[in-house]
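**Student:** What follows is a structure written as structure tokens; I'll ask about it next.
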Amino acid sequence: MTALFSLLSPSEAAAAFGIALLAGAVKGLVGFAMPMILISGLSLFLAPDLALAGLILPTLVTNGMQALRQGPAAAVASIRKFRVFLMIGLICLLLSAQSVRLLPQQALLLVIGLPVTVFAVMQLIGKTFSIAGQTRRSEAAVGGVAGLIGGVSGVWGPPTVAYLTALGTEKTEQIRVQGVIYGLGAVALLFAHIGSGVMRAETAPFSLLLIVPAVAGMWIGGQLHDRIDQVLFRRATLLVLLLAGLNLLRRGLLM
């Protein structure tokens with residue numbers, strides 16, 4: 001813990017707690033965007049590897065809560081339903097995480113940020129795009145992209161949400177499926193970055209402390225989620241997705 005406070009000033013710790021609370025609230029409402037908010041906010045005043053380490057444990061815990069909200073049986077059913085997505089995504093995440101300190105992220109961020117932004121804008125202005133049903137090819141493609149970008153940036157939500165939204169997934173199921181997918185991805189991310197050196201003795205206490213505001217934010221967002229209908233949920237999801245895409249473009253262009 002002493003090592004932690006050598007990395008953070010009191011004002012930086014307070015700012016990190018506030019960002020984690022906001023990230024948890026947004027995640028509780030629409031089911032994703034916690035890594036995006038945490039990595040974007042924390043990177044403003046912390047080193048990139050510390051910011052990435054900070055999001056790992058809060059993301060793991062809150063995704064577990066989200067996946068199990070309707071019980072273990074429903075979570076297992078979601079794993080079976082999206083097993084191809086999960087398998088390909090986890091493999092790609094583990095592979096790309098090992099190059100986090102070597103691989104230039106700019107091109108990858110731009111490649112994923114542009115289509116996500118375009119998709120969200122088109123949906124919001126009424127130009128609908130939908131997928132008739134799940135196929136192994138589409139699941140493998142989206143899962144691979146999500147895993148690749150997740151391993152190097154800690155953000156794997158936007159392509160997953162775009163895919164589930166295009167499928168027209170019902171809001172309760174979508175929240176649960178996202179929790180399952182992101183939860184398993186967060187486990188893989190944890191072990192991958194223990195191997196990469198991002199998660200280590202000096203950075204782990206910071207990530208552990210951020211669990212508290214993240215969980216509090218999740219509760220707040222969950223209360224809001226239960227009070228909105230499917231139409232408003234879809235619009236809120238698309239707005240957050242648009243912000244996620246724009247953030248990826250910003251990071252890619254400014255690197």
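The values are calculated or read from the model by the stated rules, or taken from the named source; none is laboratory data. This one's a predicted model, so the numbers in the text were calculated from it and none came from an experiment. When we count neighbours, we look across all protein chains shown, and the Cβ atoms used for this are built from the backbone with ideal geometry, even at glycine. When the accessible area is computed, the model is the full protein with side chains, heavy atoms only, and any ligands, DNA or RNA have been set aside. Shrake-Rupley method; radii C 1.70, N 1.55, O 1.52, S 1.80 Å.
**Student:** Of the heavy-atom accessible surface of the chain (probe 1.4 angstrom), what whole percent is carbon and sulfur?
**Tutor:** On the chain, the fraction of accessible area on carbon and sulfur atoms equals 73 percent.
**Student:** Right, next: Please report Rg over Rh for the chain, where both radii come from the alpha carbon positions and Rh follows the Kirkwood definition.
**Tutor:** For the chain, the value is 0.94.
**Student:** Provide, in order from the shortest bin, the percent of all Cα-Cα pairs of the range 141-255 in each 5 Å bin, continuing until the bin that contains the maximum pair distance.
**Tutor:** Using 5 Å bins, I get a P(r) of 2, 9, 16, 21, 21, 17, 9, 4, 1 for the range 141-255.
**Student:** Can you give the calculated 222 nm mean residue ellipticity of the chain, where each DSSP H run of n ≥ 4 adds -39,500 (n - 2.57) and the sum is split over every residue, rounded to the nearest 500 deg cm²/dmol?
**Tutor:** -26000 deg cm²/dmol, from helical runs alone.
**Student:** Once the Cα atoms of helix 83-97 and of the chain are each reduced to a long axis, what angle between those two axes, in degrees from 0 to 90 to the nearest 10, is obtained?
**Tutor:** 30 degrees
**Student:** Still on this structure: Taking H as built 1.01 Å from N, whose amide H comes closer than 5 Å to the amide H of residue 199, not counting residues under 5 places away?
**Tutor:** 194
**Student:** How far is helix 136-153 tilted, in degrees, relative to the longest principal axis of the Cα atoms in the chain, given as a value from 0 to 90 rounded to the nearest 10?
**Tutor:** Compared with the principal axis, the helix lies near 20 degrees.
**Student:** Quick one: grab the alpha carbon gyration tensor of the range 188-255, order the square roots of its eigenvalues as a ≥ b ≥ c, and give me rounded if a/c is under 1.5, else prolate or oblate depending on whether a/b is larger than b/c.
**Tutor:** oblate
**Student:** Also: Among 134, 66, 178, determine the one that fluctuates most according to a GNM of the chain built with springs between C-alpha atoms less than 10 Å apart.
**Tutor:** Judging by the Gaussian network model, the answer is 134.
**Student:** Then there's this: Which ³J(HN,Hα) values, rounded to whole Hz and listed in residue order, are derived for the range 159-170 from phi using the Karplus coefficients 6.51, -1.76 and 1.60 in 6.51 cos²θ - 1.76 cosθ + 1.60 with θ = phi - 60°, glycine and proline given as x?
**Tutor:** Along the range 159-170, the couplings run x, 5, 5, 4, 5, 5, 5, 5, 6, x, 5, 4 Hz.
**Student:** Would you please put 37-49, 218-230 in order of how densely packed they are, using the mean number of other Cβ atoms within 10 angstrom per residue and starting with the highest?
**Tutor:** 37-49, 218-230
**Student:** Related question: For the range 26-32, in order, what is each residue's ³J(HN,Hα) by Karplus, 6.51 cos²θ - 1.76 cosθ + 1.60 with θ = phi - 60°, in whole Hz (x at glycine and Pro)?
**Tutor:** 5, 5, x, 7, 10, x, 7
**Student:** For the range 49-76 and the range 138-152, what is the separation of their Cα centres, given in Å?
**Tutor:** Value for the Cα centre distance between the two parts: 18 Å.
**Student:** Also: With labels modelled as points extended 7 Å from the Cα through the Cβ direction, what inter-label distance (nm, one decimal) is found for residue 229 paired with residue 43?
**Tutor:** Label at residue 229, label at residue 43, 3.8 nm between them.
**Student:** Could I ask something else about it? Just to confirm the number: angle between the C-alpha axis of helix 72-81 and the first principal axis of the chain, 0 to 90 degrees, nearest 10?
**Tutor:** Rounded to the nearest ten degrees, it is 70.
**Student:** Can you tell me the accessible area per residue over the chain, all protein chains present, probe 1.4 angstrom, in square angstrom?
**Tutor:** 44 Å²
**Student:** In addition: Below 8 Å between Cα atoms, with a sequence gap of 6+, how large is the relative contact order for the chain in percent?
**Tutor:** 40 percent
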